[in-house]
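**Student:** I am attaching a structure below and will ask some questions about it afterwards.
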Amino acid sequence: MNESVLGVDADNVHEAARLYEQCGFRVTQRNSVLRKAVAGLP
């Protein structure tokens with residue numbers, strides 16, 4: 001195994017991303033999740 005990958009919620013109040021950076025990980029990509037309510041669905 002040459003690398004490992006983590007997914008972290010950027011809004012995590014416990015600052016998980018900072019913890020992982022202190023362990024040697026680095027941010028290489030940022031993603032956005034977009035949501036929209038659809039009428040008629042629960």
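**Student:** If you place +1 on the Cβ of every Lys and Arg, -1 on the Cβ of every Asp and Glu, and leave all else neutral, what size is the dipole of the chain about its Cα centre, to the nearest 20 Debye?
**Tutor:** With only Lys, Arg, Asp and Glu charged at Cβ, the dipole is about 220 debye.
**Student:** Taking the simple approach of a point 7 Å from Cα along Cα-to-Cβ for both LEU6 and LEU19, what is their distance in nm?
**Tutor:** Distance between label points: 0.8 nm.
**Student:** Before rounding to the nearest 500, sum -39500 (n - 2.57) across all DSSP H runs of length at least 4 in the chain and divide by the residue total; then give [θ] at 222 nm in deg cm²/dmol.
**Tutor:** -4000 deg cm²/dmol
**Student:** Restrict the search to the chain; then list the trypsin sites (Lys or Arg not before Pro) that DSSP places in a loop and that have at most 10 other Cβ atoms within 10 Å of their Cβ.
**Tutor:** The qualifying sites are ARG26, ARG30, ARG35, LYS36.
**Student:** Given (i) 15.2, 47; (ii) 9.6, 28; (iii) 11.7, 33, which label gives Rg and Dmax of the Cα atoms in Å as computed from the coordinates?
**Tutor:** (i)
Read-outs: derived from the displayed coordinates by stated rules, not from any lab. Please read these numbers as outputs of a predicted model, since none were measured by experiment. A quick note on method: Cβ atoms are made from the backbone with ideal geometry, for glycine too, and the neighbour counts reach across all protein chains shown.
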